[in-house]
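Read-outs throughout are calculated quantities, based only on the coordinates presented, and are distinct from any laboratory measurement. Everything numeric in this text was worked out from a predicted model, so none of it was measured. Here Cβ is always computed from backbone atoms with ideal geometry, including for glycine, and neighbour counts include all displayed protein chains.
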Amino acid sequence: MLTSLRYLAGTAGPSGFGSRATAEEATAGCGDLRHVTAIITGATSGIGEETARVLAKRGARLVLPARSLKAAEDARARLRAECPGADVVVLPLDLSSLASVRRFVARFLALGLPLNLLVNNAGKYADRFSVSEDGVEMTFATNYLGHFLLTRLLLEKMAETARATGVEGRIINVSSTIHSWFAGDDAVGYLDRVTRRKIPYDPTKAYALSKLANVLHTRALAERLREMNANVTANCVHPGIVRTRLIRDRDGLVTNTVFFLASKLLKTIPQAAATTCYVAVHPAVAGVSGKYFADCNEASPSRLGASSEEAAKLWSFSENITAEKVQKMSVHVSAGGFRLQVQSSNADRGMALA
């Protein structure tokens, strides 16, 4: 009850910020960011675009990956209209495709740019069951697996940049409190059953699973960064409930009624981007890794989200399924669970040689 009252009142926590802080307010004391190069996924609208705007306003160089280059170019134009001279690079990326993730990373590395900050923000809510070209349930593929591979392929560049510049690198996974809605003790097993159509597809549970995976990824990633002795941290954030395009796409009587009744709990987009921006660049978060943040303060994830065992299990599964091969990989499930099935693919052969 007390927590809810503090949220409604916007009472500041230990960080000095609360639920009503905006991204600009949360970064006001962060100084000039012209030394920072940031990749922000999902930056063509909503929370991602506001994150990009605030970081550009502070001087950061931005790389905006997007499935729609037109949407990314339009976002770049809006950024430059508000921040003349902003350094913004646009590159194609479809997070649901592992091949597309690899092509994006190859293109980015070819630019010879440093990389200080990676914000894994993009999200998808799939009303109907579908699988990606790699045979993975679409919400999981887009919200988690694509980001997992993107992060893994960029880790060395981030560690290298931190060594060369002495500036701490930071990885931010945008999750949601909805991760706690996933009920069960076996995330990978649930994905197995959904993929095999052994249980009905529930879009909300699929979304919750993908957000839980973001939390578990952060936990395992922070441990690996420590093992690498890399000057790079990894944290995840709950931005708050805000009516972004992801939710507006599901307009209807029920959705509209719920949001009308819950209007006092909603954040504005500038408020929803505050925690991401705070964790990305605020000096108070230096050296903090493997944590979950909400309203610009450390918070507690769900019991399953705090499980090191589940995090390790998901990491192992994700490494196996994203392992690069010349042939196309798809998920095949046997009675014992997931295994990889190799199929011939001219498209992937072309990708591997590109």
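When the alpha-carbon atoms of the range 285-326 are used, the pair Rg, Dmax equals 14.3, 44 angstrom.
Which of the aspartates and glutamates could a cross-linker bridge to Lys205, judged by Cα under 15 Å and excluding same-chain residues fewer than eight apart? By straight Cα distance, Lys205 reaches Asp127, Glu137, Asp185, Asp186, Asp192. Sorting the segments 107-119, 40-52 by their residues' average number of neighbouring beta-carbon atoms within 10 angstrom, most packed first, yields 40-52, 107-119. In terms of overall dimensions, the C-alpha atoms belonging to the range 1-332 reach 52, 50, 39 Å along their principal axes, ordered largest to smallest.
Considering only DSSP beta bridges where both residues belong to the range 1-332, give the percentage that are antiparallel (nearest 5). The partial results should precede the final answer.
On the way: 4 of 28 bridges.
Around 15 percent of the beta bridges assigned by DSSP in the range 1-332 are antiparallel ones.
Within the shell of other residues whose beta carbon sits under 14 angstrom from the beta carbon of Thr161, the net charge comes to +1, with Lys and Arg scored +1 and Asp and Glu -1. Coupling constants for the range 48-56 follow from the phi torsions by the Karplus curve (6.51 cos²θ - 1.76 cosθ + 1.60, θ = phi - 60°), and in residue order they are x, 5, 5, 4, 4, 4, 5, 5, 5 Hz; glycine and proline get x.
Applying 1/(1 + (r/R0)^6) with R0 = 22 Å to the Cβ-Cβ distance of Arg80 and Leu109 gives a FRET efficiency near 0.35.
Where does the charge balance sit around Ala110 when Lys and Arg score +1, Asp and Glu -1, over other residues with C-beta under 14 Å from its C-beta? Don't skip to the end; give the middle numbers.
On the way: positive: Arg102, Arg103, Arg107, Lys157; negative: none.
Spelling it out: positives minus negatives among the neighbours equals +4.
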